[in-house]
Amino acid sequence: MARQADWYFDYVSPYAYLQFMNLGRLPGDVRARPVPVLFAGLLGHWDNMGPAEIPAKRRQTYRYCHWLAARRGVPFRTPPRHPFNPLAVLRLTVALGATPEVVGTVFRHIWGTGNDGQDPASLDALAADLGAGDWRARIDDPAVKSDLRANTDAAIARGVFGVPTFAIDGELFWGEDVTDMLLDYLADPEAFRRGEWTRLGDLPTAAERRQSRL
C-alpha cells in the first residue's frame, strides 16, 4: 500500500530546493505531496528568525548550499536578491495545483539558474515556461490566497516550524540534513518508538532564556 508524506516547503529556502532535487531517494511506495507554505508565517507564529536574518548564518547558509549542490552535481545559483518575497510564486504554485512538475519548474527557475524570485520580468518568463498565462490574475484570486493561508495554518497546527519539513504518521522531519533520518524511519518506523526514543519528547527543562531579542 502506498504511503503519503506531506512535504512542506517555501521557494525562499535553498534547503528546500536541495531536498526537492533529492526526492528520488524516497522508497517507491512513498508519495511526497508538495504543500507550499509561507515560511515567514511559520517564523512569525513561533517567534523565530530565518537563517538569512542573522548575517553570519546567512553567509554560512549560502556557502554551504553551494558546496552541497556542487558535491551532489545539482545545478545551483543563488538568485540576485535574497531573501525575496515568495508570495507570488507560492500563490502561482497553488493556482496550478502544486504538482511536482510545477514545483520543480519554479525551483529550477529560482535556484537552478539563479533567476529573481519576485521581479515581474522574471515571473513573466516563469509563467511562460509553466504555460500559466496571466500569472497576475491567477495569484490575485481570493481562493488561491485563502488556500495558501490554509496550508500555512494547517502546517502550524501540525507543529511545523520550518522548511523543508516532511510530515508522515504524525512525525515531523525538518531540514534537508535529516533526509537520511527520514529514510531510516520509512524503512523501520518502530525503531523510532522504542528504547531511548520514548522519552525524548518529554525531557524536563532545566533552564530557559529570556524571551527577548533585545
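List of remarks:
- Residue check: Ala154 meets all listed conditions (1) outside any helix (DSSP H, G or I); (2) surrounded by fewer than 18 Cβ atoms within 10 Å (Cβ to Cβ) but one, namely (1).
- Screening Phe166 on (1) assigned to a helix (DSSP H, G or I); (2) in contact (Cβ under 8 Å) with a residue 40 or more places away in the chain; (3) over 18 Å from Phe84 (Cα atoms) shows it passes everything except condition (1).
- For segment 196-210, the condition holds for no residue, the condition being that it is acidic (Asp, Glu), under 19 Å from Leu38 (Cβ atoms) and over 20 Å from the mean Cα position of the chain (by Cα).
None of the figures in this text is laboratory data; all of them are computed from the coordinates on show. Keep in mind that this is a model prediction, so the values were computed, not measured. Virtual Cβ from ideal backbone geometry, glycine too; neighbours counted across all protein chains shown.
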